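Quick notes on the structure that follows.
Nothing in this text is a laboratory measurement; each read-out follows from the coordinates by a stated rule. None of these values were measured; they are calculated from a predicted model. Here the Cβ is made from the backbone with ideal geometry for all residues, glycine too, and neighbour counts use every protein chain on show.
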Amino acid sequence: MRQLASPVAAAIVVASVAGAQESAIPEQDLALRVVLEKTALEQVARVKAAVVFANRGSQSIRFHAPWHVPLIRFPSWRFIAPNGEEFRPPHVPFGSKARSGMQGDIVTLEPGAAKRYDFDFSTFVPARAAKNDVRIHTPLALAPGTWKVSVDYTRRDDRVPHRSSPFARSGLRSVPGLWIGSAKSVPVTLTIAPSTRPLLRISGPRDIVPGLAYPLEISVQNPAKTALELEGAFRVRAWTKAEREVSAVLVPAGAGLRPGEAATISVPAGATRSWTVDLSGITLRGRDATRSGKLADLFRFSPSLICVLTGTDGTKVLASNALRRFIAKKR
């Protein structure tokens with residue numbers, strides 16, 4: 001697991017990034033700056049960014065940072081869409097060994113010093129959507145347009161998470177001299193251009209209910225000026241962190257999909273074509289014969305779904321967004 005630097009190693013001079021865009025609010029003692037590796041990207045390209053904590057004051061600053069950055073999105077990232085809606089990177093599930101003591105690190109910045117954290121974002125979710133909004137569990141790449149990117153960090157008191165033992169519940173403990181306050185960066189501009197390559201997307205209801213249909217829609221968008229034609233198939237995969245992967249190979253059958261090894265998949269130039277399959281009626285199989293069955297019967301936990309378009313030789317041509325869905329009780 002990647003962990004933060006110790007206080008001794010925290011005073012780092014930030015290297016410049018060629019072609020990067022940086023911005024900060026200089027009057028803050030603890031100043032935050034967003035650095036974008038590229039300020040213009042094509043849709044679906046990964047957003048490589050960094051946040052820099054800098055001490056612009058005359059005294060040392062001590063702030064608390066969690067372990068496992070960049071898996072933990074620290075501090076609060078904000079991606080503002082052209083229509084004003086706010087998006088954020090989704091939480092990334094991961095495992096770590098529990099430890100006693102303070103949970104996280106105290107980073108010390110001497111005057112003029114800085115600490116940098118690098119991130120690699122690929123998908124985003126609405127920041128203020130309702131709890132049952134399916135978009136929260138359907139991370140997607142940023143849509144084309146001009147976006148504003150910023151970060152902010154707020155600490156209201158000097159208490160930080162602490163465990164008396166690895167198996168104890170986390171509590172709070174004061175750290176004298178800890179920085180308290182709010183800091184934010186000046187927004188930087190990120191331009192997302194429409195994709196010039198085909199895009200594969202899947203969507204479906206939030207809940208998978210045993211005994212009820214689960215319509216999964218698979219769409220291929222072809223922005224090119226020539227038609228897309230491929231001999232291949234869609235492989236729908238499902239898994240959880242604790243449960244082994246299962247999948248089904250599907251091919252177009254009119255407006256729907258059916259099990260099959262290969263078929264001609266065609267999308268006219270500049271068009272989007274969609275197919276729908278009732279996944280509840282499809283048998284999914286694991287890598288061994290002992291694991292097969294219907295989606296709602298194979299998982300106890302919330303499965304992730306993804307679709308891959310492959311050629312007849314098994315080569316991956318396109319990969320879709322991932323869906324995190326929930327196994328619900330039968331209604």
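Extension gain Asp158-Ala127, at 0.36 nm per residue separation less the Cα-Cα distance, in nm?
Details: separation 31, 0.36 × 31 = 11.16 nm, distance 2.66 nm.
So the chain would gain 8.5 nm between Asp158 and Ala127.
Between Gly270, Gly204, Gly311, which gets the highest mean-square fluctuation from a Gaussian network model of the chain, Cα cutoff 10 Å? Result for the chain, Cα springs under 10 Å: Gly270 fluctuates most. Springs join every pair of Cα atoms under 10 Å in this Gaussian network model of the chain, and among Ala130, Ala54, Ala65 the largest mean-square fluctuation is at Ala130.
Cα-based Rg of segment 199-327 per 2.2 N^0.38 Å, rounded to two decimals? Show your work: numbers first, answer last.
Values: Rg = 14.5 Å, N = 129, 2.2 N^0.38 = 13.9 Å.
For segment 199-327, the normalised Cα radius of gyration is 1.04.
Each 20 Å bin from 0 upward holds the following percent of the Cα-Cα pairs of the chain: 26, 49, 23, 1. The value of relative contact order for the chain, using C-alpha pairs under 8 Å at least six residues apart, is 16 percent. The convex hull defined by the C-alpha atoms of segment 209-264 has an orientation-averaged projected area of 5.8 nm².
Starting from the Kirkwood radius over alpha-carbon pairs of segment 154-199, derive D by Stokes-Einstein at 10 °C in a medium of 1.306 mPa s and give it in µm² s⁻¹. In µm²/s, the coefficient is 105. The gain in end-to-end length when the Ser60 to Asp313 segment is fully stretched comes to 85.1 nm, 0.36 nm per residue minus the alpha carbon separation.
Within 10 Å of each candidate Cβ there may be at most 15 other Cβ atoms; applying that plus a DSSP loop requirement, which chymotrypsin sites (Phe, Trp or Tyr not before Pro) in segment 46-151 survive? Present the calculation step by step, with values, prior to reporting the outcome.
Working: sites: Phe53, Phe63, Trp67, Trp77, Phe79, Phe87, Phe94, Tyr117, Phe119, Phe121, Phe124, Trp147; in loops: Trp67, Phe94.
Those that pass, being in a loop and sparsely packed, are Phe94.
Here Ser174 and Asn83 are evaluated by their C-beta separation; at R0 = 30 Å the FRET efficiency comes out at 0.10.
The mean of 1/r over all distinct Cα pairs in segment 233-278, once inverted, gives the Kirkwood hydrodynamic radius of 12.1 Å. Each helix, a run of at least 4 DSSP H residues, gives -39500 (n - 2.57); summed and divided by the residues of the chain, these come to 0 deg cm²/dmol at 222 nm.
Binning the C-alpha pair distances of segment 35-172 at 5 Å intervals from 0 yields a P(r) profile of 2, 8, 15, 18, 17, 15, 13, 8, 3, 1 %, listed from the shortest bin outward.
Spatially, segment 270-331 and segment 80-155 are offset by 28 Å when compared through their Cα centroids.
Provide the gained length on full extension for the span Ala289 to His68, in nm with one decimal, where the gain is 0.36 nm per separating residue minus the Cα-Cα distance.
Working: separation 221, 0.36 × 221 = 79.56 nm, distance 3.73 nm.
Working it through step by step, the gained length comes to 75.8 nm.
Considering only Arg201, Arg155, Arg235, the mean-square fluctuation computed in a Gaussian network model of the chain, springs between alpha carbons under 10 angstrom, is largest for Arg155.
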